[in-house]
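One structure below.
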Amino acid sequence: MVMGRGIMAKQVAFAFYRPSALVLARTIADLPAMIIQSTLFTIIIYWMAGLAADAGKFFTNLLFVFVSSSDIP
């Protein structure tokens with residue numbers, strides 16, 4: 001969004017699109033890539049660290065990694 005600030009300012013000035021629409025579109029577009037990236041990172045790091053082989057603990061770790069790594073506002 002920082003790179004497209006000028007475009008966003010023009011669209012707001014001309015009442016084309018609201019900034020929330022641009023943020024929502026960016027979030028939806030980035031979500032699949034973030035899910036894949038977080039999942040692969042968690043699988044590799046979780047098993048390399050030798051953490052407990054428990055599904056609940058793994059998915060809790062996956063949730064924390066996804067939430068902390070996402071740039072969703």
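The values are calculated or read from the model by the stated rules, or taken from the named source; none is laboratory data. Since we're looking at a predicted model, the values are computed, not measured. Cβ atoms come from the backbone with ideal geometry, glycine included; neighbour counts cover every protein chain shown.
One table, with the values for the structure above:
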item	result
The stretch 21-39: number of residues that are out of contact with any Leu (no Cβ under 9 Å at 6 or more places or on another chain) and either surrounded by 11 or more Cβ atoms within 10 Å (Cβ to Cβ) or at pLDDT 95 or above (or both)	12
Unique match (being more than 12 Å from the chain's Cα centre (by Cα) and closer than 30 Å to A9 by Cα) among A25, A49, A53	A25
Residue tally, condition touching a residue at least 24 places away in the same chain (Cβ under 8 Å) and outside any helix (DSSP H, G or I), over the stretch 39-59	0
